[in-house]
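Structure, as structure tokens:
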Amino acid sequence: MKQAFRNWFLCVTAIAALLSLTAATYAWFTSNQAVSTTRASARTAEESLELQISSDGSTFSNASSVAIAQVNKTSLTNLLPVSTADLTNFVYAPSTVSDMAVNFEQVTDEQYYYHGRIYLRALAQGLSSDTTLSLYLDQTDGLLGKDVNGTLLNAARLGLVFNNDYSSLVILRLSDSQNAPSQVFNTVVGGVTLGYGQVLSWNKSGVQAVADPSVLVTDYTVSFGASDMSVPQKPLCVMNLNQIYTVDVYFYLEGCDPDCSESITHNEADLYLAFYGISGRKGDR
């Protein structure tokens, strides 16, 4: 029988716009923003199995808040539209031609998007060595994605990578709403304008259009009925007990998303994450 416990991990990322890049902006030039990160915290009522958090991988706590450390040591001042299919290679449009993005370059030094890191471990006592902890998202209290103006999160993406394993990365769409009628399709590759469900992938010779790997956040979110619980088919991560896991957090504006337009310039949003943990045995689904 699986043993479930609630564990709340609060991650707040505040995006505040400073100024627009140009007077007349388009999808690839919508925002010039500063990113500030507050704190993440975790707590649990189960002493035999608790999820602990750390900002440096050495000092862990199940209750105290810790800062989400930015991976790039330089100060991040610009958050501009980018595109990626793998959270490793990001591209941006340095210029437009007739208001269309047709030229692209790789992002260097992690400019224009936020990349932070924390550390997690499932600390256990008295449980068998083959016990694991599966992580899901929980929006019971409606904490995920509080967009002040209701538009920025429609174009935003949240990427999560556990233990530096980019083959199992998760890219989440925080909203499936649309900023109509301000949607703009202005990304052109090989003379073809990209449409819904396409992003850019970088290869040695440039960019190519590929299927958007992002999924709705609800695909990894548990839901609760009056007397039961619905668990997604796949967890964010399956953790071994008493092992330290790195969690890389990416937050960015997907430039190929038609909602990435002038409507989100000078916009603010708060992002809160809550995890739900279910313990099981190795070999379980």
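The values are calculated or read from the model by the stated rules, or taken from the named source; none is laboratory data. Computed from a predicted model, the values in this text were never measured in an experiment. Positions of Cβ are generated from backbone atoms using ideal geometry, with glycine treated the same way; all protein chains shown enter the neighbour counts. Note: areas computed on protein heavy atoms with side chains; ligands, DNA, RNA excluded. Shrake-Rupley method; radii C 1.70, N 1.55, O 1.52, S 1.80 Å.
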Practice problem: Filter region 244-285 down to the residues that are among the charged types (D, E, K, R), more than 15 Å from residue 186 (Cβ to Cβ) and at pLDDT below 80, then identify the one that is least open to solvent (accessible area, probe 1.4 Å). | Solution: 270
Exercise. Considering only region 198-243, give the strands (runs of 3 or more DSSP E) lying wholly within it that have at least 1 residues that are under 19 Å from the mean Cα position of the chain (by Cα) and loosely packed, with under 13 Cβ neighbours inside 10 Å.
Key: 206-211
Exercise. With respect to residue 141, determine if the residue is of a type outside the set (S, T, N, Q), open to solvent by 20 Å² or more (accessible area, probe 1.4 Å), modelled with pLDDT under 90 and touching a strand residue (DSSP E or B) at 6+ places or on another chain (Cβ under 7 Å).
Key: no
Self-check item: Verdict on residue 160 being open to solvent by less than 30 Å² (accessible area, probe 1.4 Å) and touching a Cys at 6+ places or on another chain (Cβ under 9 Å)
Solution: yes
Quiz item: Of the residues 50, 110, which single one is modelled with pLDDT under 85 and charged (D, E, K, R)?
Solution: 50
Quiz item: Is one or more of the residues making up region 89-102 open to solvent by 60 Å² or more (accessible area, probe 1.4 Å), under 15 Å from the mean Cα position of the chain (by Cα) and either modelled with pLDDT of 75 or more or more than 20 Å from residue 152 (Cα to Cα) (or both)?
Solution: no
Quiz item: Among the residues of region 158-190, how many are more than 18 Å from the chain's Cα centre (by Cα) and either β-branched (Val, Ile, Thr) or at pLDDT 90 or above (or both)?
Solution: 4
Quiz item: What are the pairs, 6+ residues apart or on separate chains, where a residue within region 235-250 that is aliphatic (A, V, I, L, M) has its Cβ under 7 Å from a residue that is assigned to a loop (DSSP other than H, G, I, E, B)?
Solution: 241/127; 244/57; 249/68
Quiz prompt | Search result, residues across region 212-228 that are among the aliphatic types (A, V, I, L, M) and touching a residue at least 24 places away in the same chain (Cβ under 8 Å) | solution = 215, 216, 217, 222
